[in-house]
Amino acid sequence: MRGAGGIDLAAGVGEWIADAPRDVLEQVGAHPHPMLPRQVLPTETTVRRLLARLDGDALDRAVGSWLADRQPKTAGIPSCAAWPWTARA
């Protein structure tokens, strides 16, 4: 599955999974291996299957909404067009 600019999304997610802290992995459902001192991580195949099942438009809306909720509120600050140095003669 390729993203913007031909980036391999599954490989990118796989790299994130490999580098993520243990507590973050536990929050997203990765469990400690019962016999080894490591997490049981999803394989690249699992990530590819998951990405293939996602509704891209719904994901865009959800992520966009999540990001918009985290933007600082700018109430009371005039828009750039109201600043005197932006006026054109």
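Residues in the range 1-22 that are modelled with pLDDT of 75 or more, of a type in the set (D, E) and either under 23 Å from D60 (Cα atoms) or open to solvent by less than 90 Å² (accessible area, probe 1.4 Å) (or both): E15 alone.
If you go through the range 37-88 and keep only what is among the aliphatic types (A, V, I, L, M), at pLDDT 75 or above and loosely packed, with under 10 Cβ neighbours inside 10 Å, you end up with A52, A58, L67, A68.
The values are calculated or read from the model by the stated rules, or taken from the named source; none is laboratory data. Small disclaimer: the values here were computed from a predicted structure and weren't measured. As a convention, Cβ positions derive from the backbone with ideal geometry for all residues, glycine included, and neighbour counts pool all protein chains shown. Areas reflect the complete protein model, heavy atoms only, side chains present, ligands, DNA and RNA absent. Shrake-Rupley method; radii C 1.70, N 1.55, O 1.52, S 1.80 Å.
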